[in-house]
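The values are calculated or read from the model by the stated rules, or taken from the named source; none is laboratory data. These numbers come from a predicted model, not from an experiment. Every residue, glycine as well, gets a Cβ built from its backbone with ideal geometry; the counts of neighbours run over all protein chains shown. To get the accessible areas, we keep the full protein, side chains included, count just its heavy atoms, and leave off ligands, DNA and RNA. Shrake-Rupley method; radii C 1.70, N 1.55, O 1.52, S 1.80 Å.
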Amino acid sequence: KTLLTKLNQNEKGILEKFKVEEKKLKDEENKILASRNIISQEQLDINIKEFQNKLKDYRNYKSEELKKLNKIKNDEIVKLLNLINPLIQEYMKSNSINFLMDKKNIYIADKNYDLTNKLIEIINKKIK
């Protein structure tokens, strides 16, 4: 839970930074469009081309940052799973359990078969 909260806060911070940058770009675009009747066509074309290049660079930067963010997220989740899988396997072995199923994939079952709280308790004790 702590890991997911940390990752979500990191993602929110990055997305907020992107919103601010996108607002600046939108304002710049509006400024260029507003100056259409004031400046010469040549200068307008230059301004539009510069803006398009800036926009392209921003999109590439945003794409790379989102890829990095997703890679970090995936790496952190894999690390967590690598930490907890041995604990779950140990519990399964010591309690003669052959397989575990995700609770959301089960239509109906006896509550005695739900090991979620027991496993969370074990994981919390071992990993802190």
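Among the residues of the range 84-110 satisfying the criterion of being aliphatic (A, V, I, L, M) and open to solvent by 100 Å² or more (accessible area, probe 1.4 Å), which is farthest from K126 (Cα to Cα)? Let's see the steps before the verdict.
Of all residues in the range 84-110, those aliphatic (A, V, I, L, M) come to 84, 87-88, 92, 97, 100-101, 106, 108-109.
Those left that are additionally open to solvent by 100 Å² or more (accessible area, probe 1.4 Å): 101, 108.
Numbers: M101: 22, I108: 31 Å.
Looking at the filtered set, the residue picked out is I108.
Do we find that L25 is under 30 Å from M101 (Cβ atoms), touching a helix residue (DSSP H, G or I) at 6+ places or on another chain (Cβ under 7 Å) and not small (G, A, S) in this structure? Reasoning before the result, please.
Numbers: under 30 Å from M101 (Cβ atoms): no; touching a helix residue (DSSP H, G or I) at 6+ places or on another chain (Cβ under 7 Å): yes; not small (G, A, S): yes.
No.
For the range 35-79, what are the residues that are open to solvent by 70 Å² or more (accessible area, probe 1.4 Å), assigned to a helix (DSSP H, G or I) and of a type in the set (A, V, I, L, M, F, W, C)?
Correct list: I46, I72, V78.
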